[in-house]
1. Which far-off residues, 5 or more places away or on another chain, put their amide H under 5 Å from the one on residue 356, with H placed in the peptide plane?
2. Whole-Hz Karplus ³J(HN,Hα) for the stretch 350-357, in order, using 6.51 cos²θ - 1.76 cosθ + 1.60 and θ = phi - 60°, x for Gly and Pro?
3. Please list the non-local residues whose amide H lies under 5 Å from the amide H of residue 369, H modeled 1.01 Å from N, same-chain partners needing a gap of 5 or more.
4. Putting +1 on Lys and Arg Cβ atoms and -1 on Asp and Glu Cβ atoms, find which of 306, 371, 339 reaches farthest to the positive end of the dipole of the stretch 270-384.
5. Can you give me the Cα centroid spacing of the stretch 174-204 and the stretch 357-384 in angstrom?
6. Do me a favour and compute the ellipsoid semi-axes for the stretch 166-280 from its Cα gyration tensor, root of five times each eigenvalue, largest one first, whole Å.
7. From zero up to wherever the largest Cα-Cα distance of the stretch 313-384 sits, split into 10 Å bins and tell me the percent of pairs in each.
8. What residues qualify as long-range amide H neighbours of residue 309, i.e. H under 5 Å apart, gap of 5 or more or another chain, H built at 1.01 Å from N?
Amino acid sequence: MAPSPINSRTSAAIAAALFVLVIVLYWASHFGGPPQGGSGAPGTRGNAPSAAAGDQQASIDLSDTQLSAVKVEPVAEHDFPRNKEAVGSIDFNEELSVQVFTPYAGRIIGLFASVGDDVKKGQTLFTIDSPDLLSAESTLIAAAGVLQMTTRNLARLKELYTTRAVSQRDFDQGISDQQTAEGNLRAGRDAVRLFGKTNEEIDRIIAERKADPTLVVPCPIDGRVTARNAAPGLANVAENDSPAFQVGQPLQVTVGAFPDRLFDGKITTVGSIVDPNTRRVLVRSEIKNPQHELRSGMFANFTIYVGASVRSPAVPLGGVVREGDGTQTIWVTADRRRFMRRTVTIGEQRDGYRQILDGVHPGELVATEGAIFLSNMLATASAR
């Protein structure tokens, strides 16, 4: 029996509908959706991102005009020293500083150095009128006189003893008196010497029979006159970083007064106690200050080198963007037109470059200038 015309047309319509449905399903599975009317390409060149804004692989296609705002360079390797950052303060080196004072009471009668003056070892700093020195010198003069008297007496007794004009007992007593006088003189000289008097000065006091109460206080070392209190230069380092520090490690210091200067130094002591409040360890260092530019109390930033340099991929500082969530990103390109955002792990900063520990390889093309421009474009396009 021949099919009716109505059934034939219906079958043809159903077959066409199924064919269209197959095409639509095929398109959706391969291109992410059915074809849009009037547009035969899945995307257009412009500012729209090709992925969601939160996706670190989001990309931006730039026009020729927009490309002028971006500079592209291949990633190169740079040497980054292994160092730790710390903060602290500048102070005097206690190993090279001395508190100059006198243990004896007296009235200052002369000052020969002011704060800030450079002084030499042995130079007189000040003098005092010391009653203690006067008393010691008086005792010395008296002891010298007694020794002279006992010496003459012993010589006379010796002559008399040879003629048996005096007894053995008197002669022995004369020897004892002379020896006692010698001991008293030696003690008197030592007492005056404690005040800083030289042997020549002591001999002159004895010869002239004149006490000099002026006590001279000399400078014990070469240096500069500063405040009386002195302490070492210090830095405070985090407890977790403390195992990396060792005596002798080199460091560099910057201070606000000389922002473009680096002062070299080395670690001299690593503290053995962790501050229970700050959880930090005290590190003492010696800093070279040949021009006396550093001042006690200056706040300082310490960079301590704890190991050999590491060669790593690096990107200029302008190519790394800190996103709002705290992640660090760069923009990578293969054709210098489409840029893809990539999250990286950063390390040290040196000579205008940021160390990249993970996320990029040497030779890859990245935006070294205009990275913030690209991030702003992505944010603007994603907000539409």
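1. HN-HN under 5 Å from residue 356: 314, 315, 347.
2. 7, 6, x, 10, 10, 5, 10, 7
3. Those lying under 5 Å, H to H, from residue 369 are 71.
4. The Cα lying farthest towards the positive end belongs to 339.
5. 88
6. On the way: eigenvalues 738, 93, 27 Å².
So the equivalent ellipsoid measures 61, 22, 12 Å along its semi-axes.
7. With a bin width of 10 Å, the distribution comes to 20, 57, 21, 2.
8. 82
Computed from the coordinates by the stated procedures, all read-outs in this text should not be read as laboratory data. All values reported here derive from a predicted model rather than from experimental measurement. Note: ideal-geometry Cβ built from the backbone for every residue, glycine included; neighbour counts use all protein chains shown.
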